[in-house]
Amino acid sequence: MRDLTAISHKIVQEAVRMRTPVVLLIFVIGMIPLMPFVLRDDGTLRGQLQLILNYSVILTVTLLSLQSIYLTIHSFTGEIKYKHFFLIDAKPVARWKFLVGKFLGLAWINLVSLTILGTVILVALYLGYSQGSASEKKQIRHELLTSYRGVKPYFDEERFQKLVEAEYKSMTEENRLAQDKTVLQIRGEIRLRTRQQMNMVPLSFQRRWLFQGIPTYLRKMESSYLKLRYKTYCSNMSYQFQCNEKWDIGSGGSVYSESNARTVNEFHEIIIPVSVIEDDGSVIVAFTNYDEAAGIVYFPVEDGMEVLYPQNNFLSNFLKAFFLLFLVLSFLVFLALFASTFLTFPIAILFVMYFLVLGMLADFLLEFAPLGAEILTKNKDTLWSIFYQKTLSVAFGVFPNFSEYVLTGHLSNGRLIEWSSIAKGTFILFLFKGGLLILFGCFIFNRREVGKPTL
Amino acid sequence: MSEYNVIEIHNLSKIFYDFWGRAKVRALDDLSFHVKQGEIFGLLGPNGSGKSTTIKILLGLLFPTFGKVSVFGSPARNVSHKQKIGFLPEESYLYPYQNAEEALTFYGRLFNLPHKVCQQRVDNLLEMVGLTRVRKRLLKEYSKGMARRIGIAQALINDPQLIILDEPTSGLDPIGTREIKDVILQLKEHGKTVLLCSHLLADVEDLCDRVTILYGGKQACEGQIGELLSNQEVTQVVSERLPSDKLEKLKDWFEKENIALHSVGNPTERLESFFLKTIEKARNEQKDAHGADAGRRVEGLFTDVEKTPEKDVGAKVLDSLVKKKETRESEEDNKEESEEIKSANQADTSSKGSSEGTKVIANLLKIEKPVPEVGKKEKDPSEPPKNNEVLSKLLKKNSGDEEENEK
Ligand SMILES: Nc1ncnc2c1ncn2[C@@H]1O[C@H](COP(=O)(O)OP(=O)(O)OP(=O)(O)O)[C@@H](O)[C@H]1O
Ligand SMILES: [Mg+2]
């Protein structure tokens, strides 16, 4: 055990003597007081604080990622290049211990950095909050310094399947099936179309959604309220078009109604009193389209409507977010250690950066890559197209999608970070993917002739 | 000296391949030797002959291409037997951002030494290599020889059974060199096995029981140093000093018997000339040294020295050392003798004997029971001196000056 702690202690010592963490802390801490003067949002204090939170967390995770990658690779490849490792390998220290020791040291550095930076960010937020007026403070408490959990509307899967089947059948009978497409592709298209139709409200129609599983105890909490979060599209394509909407939320004696003109293609939140919650914890939401100028109103399938209810305080959400950041940084350390077992300094850095960028852009890539696959593999189930699709799905399984774990949006929108995210981060990203990397790393490193000089 | 082989190397070859898998260099070629427990074994050879490669293979830093290597009876890459090995590489390879104390503590912790034992050994070793006063200085600010001393200290931190030293005296001043040689001899007295690799033939001659000489990755010769250097062409008779009349009689007797009398001095050949001869012979035998070639010999560069009638001072010192060493070998237990050697070696120092040096090592290696209160400077006459005072005096003068400068 002493050998392990010696190795981890040494890399902390190295980092501290190189002063990277100190410089980094100064950078981030120095940025925070600058931000309120630089950043501009909707002019409210809430908007300002939201931005500060967003930017400082993103700055933290970016700089700490770079630091983790750099420190890991610099230290590891340096040991080999400058042959410090000769002296370690001549001691009774198994090579896996060297890797694990390095990881522990870097985990410690990240933990300390995250703690310091997290505290600084919290203090900055609190200072900003304390300067607000009473109404501003209230707004901040309800929209930023809180955490809500979202519920998606009830979806009748059975009915949906029936609709899809019926459509497919009628298309086959009427001979409307596209010849150049596979059955799977056609079914996919029908499903999408049907879902869109289910979220469509023609002029002077009303559509209703059922939200379930909202805790009824909230009805007793006077100060709390629900939020309806949604976004619309409509057939009127003019820029910043404002659609007249009518909402009726709840049923029976307690209905909350609201009519307003709201810009399409943007997220909106309607504050709903908790009294609309039914005894069984459900909430009925009805939307009426009465705007002639709008034409048909659509609710997107992705980013669909949600009812949000307050769940937890901000601090626990913040801690969860930072724990996830820690897992992401740990994964990067694993990746960097793995790369260092067989690559030299600059190449290992490039290698890890490549995965960092891919992981950061994963959402974007996930959105567009299937498109590419579709274009490339259109109508042909050739060997090449199958190969392409298979590699693509493997790649997306293997590449970690960091946006799943860097949940700044959740923090600044007061969205609860679910334990399932934490579990996913711990088991999939950290233990499984990270574990595999370190295992492969040990395997390669064990077979490496470290006595050979490197460039 | 027992018959147990600490290191066994059988038909070891090491080939370095290039990126495309083509053989590039044959650094070692069918090398076989063994090192017995308790002996000092010398690995000699010109630059690029494969000495460091052999050592790296012994430590698992490189893997053999062919052949078998075992250390303490297990394969070289076995982690657990490294508990018993101390290693000093060609260069010191220390972390520049650590200070001396941190570095030694770090290596001690890699051996899982208990905290107290580790601290005690660090203190003793720092004192032994004379760097106690600069223990807090970062290693990047150390001179080459100072760093080398830390390298030596770290090789001894685990009280090793086998010490592998790759050119231990490179970069050391003459005093440091002498000290390291003493340390090596003391280690041997404690039954440790030493594998020594050096170009400095005087060092090897002073220290080693057996040597092997490599040339171009091949073994040029191997054997007991005494045997290798003994001259079979002549007979040496050693007697007490003969008065001149008796000597004349003896000479007459030789003349009468028709036996050529070469000299009445010491017939031992010097290692340096033996080494050069061996290399010359090996060069003639194997025209192609498989890439691992030694530098060409510039005619007259070394021979001039040999032929010079007036031997230089260094050679004289070596001669005297060799003579003394023989005496030592014959009467190993004789304390008075070894004291004499000491004073001969350290002509300019006072009468403190080498037994103290032995005691330092003994002290160093037996610190499982930590000495209470290291910091206390109080002198207890019953306590054995912590250091080889002769050596440390010399050193303290040196580092004491530095301390003054720092102030
Ligand atoms: N990684 C390597 N790739 C190719 N050749 C190598 C490599 N390492 C060592 N060699 C070659 O192997 C030979 C032996 O090198 P080695 O370092 O063992 O020599 P040495 O006897 O220690 O020399 P010196 O006295 O200069 O320290 C040299 O010719 C060297 O160029
Ligand atoms: Mg060498």
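The values are calculated or read from the model by the stated rules, or taken from the named source; none is laboratory data. Just so it is clear, the structure is predicted and the values come from calculations on it, not from any experiment. Neighbour counts are summed over all protein chains in view; Cβ atoms, including those assigned to glycine, are modelled from backbone coordinates with ideal geometry.
The set of residues in region B:65-96 being among the hydrophobic types (A, V, I, L, M, F, W, C), part of a strand (DSSP E or B), more than 16 Å from ligand 2 (Cβ to nearest atom) and closer than 14 Å to B:Leu110 by Cα consists of B:Ile85 alone.
Residues of region A:381-429 that are under 13 Å from A:Leu325 (Cβ atoms) and among the aliphatic types (A, V, I, L, M): A:Val406, A:Leu407, A:Leu411, A:Ile417, A:Ile422, A:Leu429. Once region A:418-455 is narrowed to residues that are more than 16 Å from ligand 1 (Cβ to nearest atom) and among the small types (Gly, Ala, Ser), the residue that is nearest to the other protein chains (Cβ to nearest Cβ) is A:Gly441. With respect to the conditions (1) within 15 Å of ligand 1 (Cβ to nearest atom); (2) over 18 Å from B:Leu156 (Cβ atoms), B:Leu59 lacks only one, and its number is (2). From the list A:Thr426, A:Thr408, the one residue that fits, being more than 25 Å from A:Ile140 (Cα to Cα), polar (S, T, N, Q) and more than 16 Å from ligand 2 (Cβ to nearest atom), is A:Thr426. If you filter region B:142-161 down to residues that are touching a Leu at 6+ places or on another chain (Cβ under 8 Å) and within 14 Å of B:Phe111 (Cβ to Cβ), you find that the one that is surrounded by the most Cβ atoms within 10 Å (Cβ to Cβ) is B:Gln154.
Meeting the requirement of 2 or more residues that are over 30 Å from A:Arg187 (Cα atoms) and in contact with a Lys or Arg (Cβ under 6 Å, 6 or more places away or on another chain), the helices (runs of 4 or more DSSP H) wholly within region A:50-161 are A:134-143.
Residues are listed down the side, and each one gets a yes or a no for (1) more than 14 Å from chain B (Cβ to nearest Cβ); (2) modelled with pLDDT of 95 or more; (3) surrounded by fewer than 16 Cβ atoms within 10 Å (Cβ to Cβ):
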site	(1), (2), (3)
A:Ser75	no, no, no
A:Gly78	no, no, no
A:Ala90	no, no, no
A:Leu125	yes, no, no
A:Gly128	yes, no, no
A:Ala134	yes, no, yes
A:Lys138	yes, no, yes
A:Tyr154	yes, no, yes
A:Glu157	yes, no, yes
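Residue-wise test of (1) more than 30 Å from A:Leu106 (Cα to Cα); (2) of a type in the set (A, V, I, L, M); (3) not in a helix (DSSP H, G or I).
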site: A:Ile272; (1), (2), (3): yes, yes, yes
site: A:Glu278; (1), (2), (3): yes, no, yes
site: A:Ile284; (1), (2), (3): yes, yes, yes
site: A:Ala293; (1), (2), (3): yes, yes, yes
site: A:Lys320; (1), (2), (3): no, no, no
site: A:Phe323; (1), (2), (3): no, no, no
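Pairing residues of region B:50-72 that are facing chain A (nearest Cβ under 8 Å) with residues that are among the small types (Gly, Ala, Ser) and away from ligand 1 (no atom under 12 Å from the Cβ), at Cβ distances under 6 Å and at least 6 apart in sequence or on separate chains, gives B:Leu59/A:Ala90; B:Gly60/B:Ala76. Taken over region A:81-121, the criterion of being of a type in the set (Phe, Trp, Tyr) and closer than 30 Å to B:Leu162 by Cβ is satisfied by A:Tyr82, A:Phe85, A:Phe86, A:Trp96, A:Phe98.
Restricted to helices (runs of 4 or more DSSP H) entirely inside region B:97-213, those with at least 1 residues that are in contact with a Pro (Cβ under 7 Å, 6 or more places away or on another chain) and more than 14 Å from every other protein chain (Cβ to nearest Cβ) are B:115-128, B:174-189. Looking across region B:73-112, the residues that are in contact with a Leu (Cβ under 8 Å, 6 or more places away or on another chain) and farther than 17 Å from B:Ala155 by Cβ come down to B:Ala76, B:Pro96, B:Tyr97, B:Asn99. Just to be sure before I move on: is A:Phe331 part of a helix (DSSP H, G or I), farther than 24 Å from A:Lys152 by Cβ and out of contact with any Gly (no Cβ under 6 Å at 6 or more places or on another chain) in the structure I sent? Judged against the criteria, A:Phe331 is not a match.
Among residues of region B:13-49 being assigned to a strand (DSSP E or B) and within 14 Å of chain A (Cβ to nearest Cβ), the one that is farthest from ligand 2 (Cβ to nearest atom) is B:Tyr17.
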